[in-house]
Amino acid sequence: MKKKANIKKENKVSCETKMGTNCGGCSYILGFIGAAVYYISTSTSFWIGVLGLLKAAVWPVFLVLELLKFIGA
């Protein structure tokens, strides 16, 4: 009878998972959409609009670069 109790206890412990929240992807997607809308709305030709989409995809790089310049790192 004790073996069954131990098995149930082990299963309960092994089924526990620790999940963290991750909203980085959500904020990146929202930022991409906003940047894409901005760059496309201000573009003067088709290829400038395509360049705007590429800029919208890499906007976090420019943000981090400017932040590092600002803090003097």
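The values are calculated or read from the model by the stated rules, or taken from the named source; none is laboratory data. None of these values were measured; they are calculated from a predicted model. Every residue, glycine among them, receives a Cβ derived from its backbone with ideal geometry; neighbour counts consider all protein chains shown.
The table for this structure:
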item	result
Single residue of Ile40, Ile33, Ile71 found to be touching a Gly at 6+ places or on another chain (Cβ under 6 Å) and at pLDDT 90 or above	Ile40
Residues (farther than 22 Å from Gly25 by Cα and surrounded by 10 or more Cβ atoms within 10 Å (Cβ to Cβ)) located in the stretch 41-73	Thr42, Ser43, Ile48, Gly49, Val50, Leu51
